[in-house]
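The values are calculated or read from the model by the stated rules, or taken from the named source; none is laboratory data. These figures come from a predicted structure and were not determined experimentally. So basically every Cβ, Gly included, is an ideal-geometry build from the backbone, and we count neighbours across all protein chains shown. Note: accessible area is taken over every heavy atom of the protein model, side chains too, but ligands, DNA and RNA are not part of it. Shrake-Rupley method; radii C 1.70, N 1.55, O 1.52, S 1.80 Å.
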Amino acid sequence: MTRSINQSLFNIAFIFHNVNTIYLQIMKINKISPDENDFTKVLQSVTPKPQALYYLGTLPHKRQPTVTIVGTRKPSTYGQEVTHKLAYELARRGIVIVSGLALGVDGIAHRAALEAGGITIAVQANGLETLTPHSHRQLGIDILAAGGAIVSEYPPDTPPAKFRFLERNRLVSGLSDAVLITEAAARSGTLSTATHALEQGREVFVVPGNITSPLSAGCNQLIRQGATPITRVEDVLEIITPAILETQTRMPLGDNTAQVAILTLLQSGMRDGEEIQRVSGLDSATFSSELTMLEINGTIRALGMNQWTIR
């Protein structure tokens, strides 16, 4: 019995040691010149060019198609949905997702990329001894654990400051091949990222919004000024990396006729569960069961308040 207990304690200590070692590795602050890494060499087009980069985690060793996704810190339900959908689909296709780890659109984009099994990189406006905002510390750790990185041009003990967020934005856009803005007000700080992107020769994509919504005023303004409006992930891929596009658009397939009916209605734009059940003609028990299976399989995602969407 004593031997068994000792062996169990040893196993627990071994597991804890390994977990702690991995944690220390991903939380180690590294320093490089942007020119030292193929992925970050793109920052040569940034003005002023950062003299050094500090990072936690793992930077891609080679240049990969990369899209920055930014927007308001207080997105509407529409903004949350389109941000998650586009970030998820891009990451699922192998696109690296860059954002600023901020509340709202940034956090949603990072989290969607992780859910898709992709790589995402966060750019901080402060030194990396502290991840900000504090409420996104766990998200930051999850990014690192999934093979991503958190980057800053500031020494580790540099505190956040308002002007540093504006300085940081040129790196948020500079690391990417294109910037995608999903929802932004007319005076949003996100617009400075779009300005940097244009100066750096990056493509700027914008999700059109409701003309009566203040949260879409910035997006609609950018479209009037010449930004590329998009309504689907293929609109982005066609420009930045057409080779990734599949030969045909695939709709998620269900395991039975009930699931196909539900997915067809979601694909048409329906979101409300009660409406989907009514139009599909399925009884409540069957509808609830098949809806649950689609969610478990990762084919659909709950938006809350009995609203649903295809992943």
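The figures follow:
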| read-out | value |
| --- | --- |
| Checklist (1) over 22 Å from R92 (Cβ atoms); (2) surrounded by fewer than 20 Cβ atoms within 10 Å (Cβ to Cβ); (3) under 17 Å from the mean Cα position of the chain (by Cα) applied to R232, failing item | (1) |
| Verdict on T228 being in contact with a Phe, Trp or Tyr (Cβ under 6 Å, 6 or more places away or on another chain) and under 25 Å from T66 (Cβ atoms) | yes |
| Conditions (1) in contact with a helix residue (DSSP H, G or I) (Cβ under 7 Å, 6 or more places away or on another chain); (2) at pLDDT 95 or above; (3) open to solvent by less than 50 Å² (accessible area, probe 1.4 Å): number failed by N30 | (1) |
| Where a residue in the range 158-175 is more than 15 Å from V70 (Cβ to Cβ) and its partner, wherever it lies, is surrounded by 15 or more Cβ atoms within 10 Å (Cβ to Cβ), with Cβ under 6 Å and at least six apart | T158/N126; T158/G127; P159/N126; P160/A125; P160/N126; P160/T132; R164/A125 |
| Scope the range 271-305; condition assigned to a loop (DSSP other than H, G, I, E, B) and either farther than 18 Å from V82 by Cα or open to solvent by 40 Å² or more (accessible area, probe 1.4 Å) (or both); matching residues | R271, G281, L282, D283, N297, M305 |
| Every residue from the range 213-229 that is touching a strand residue (DSSP E or B) at 6+ places or on another chain (Cβ under 7 Å) and more than 18 Å from S76 (Cα to Cα) | L222, I223, A227, T228, P229 |
| Residue ID - farthest from the chain's Cα centre (by Cα), chosen from residues in the range 78-114 that are surrounded by fewer than 22 Cβ atoms within 10 Å (Cβ to Cβ) and touching a residue at least 60 places away in the same chain (Cβ under 8 Å) | Y78 |
| Counted residues, the range 170-190 - those being under 20 Å from P48 (Cβ atoms) and open to solvent by 20 Å² or more (accessible area, probe 1.4 Å) | 1 |
| Complete set of residues in the range 256-270 that are of a type in the set (G, A, S) and either under 28 Å from the mean Cα position of the chain (by Cα) or open to solvent by 50 Å² or more (accessible area, probe 1.4 Å) (or both) | S268, G269 |
| Residue in the range 9-26 that is at pLDDT 95 or above and surrounded by fewer than 19 Cβ atoms within 10 Å (Cβ to Cβ) present | no |
| Count - residues of the range 126-141 that are outside any loop (DSSP other than H, G, I, E, B) and not charged (D, E, K, R) | 7 |
| Residues of the range 34-61 classified as among the polar types (S, T, N, Q) and over 11 Å from Q200 (Cα atoms), total | 4 |
| Within the range 142-163, considering residues that are at pLDDT below 95 and assigned to a helix (DSSP H, G or I), the one surrounded by the most Cβ atoms within 10 Å (Cβ to Cβ) | A145 |
| Test: V123 is touching a helix residue (DSSP H, G or I) at 6+ places or on another chain (Cβ under 9 Å) and among the β-branched types (V, I, T) | yes |
| Single unsatisfied condition, V70 versus (1) within 18 Å of F165 (Cβ to Cβ); (2) more than 23 Å from the chain's Cα centre (by Cα) | (2) |
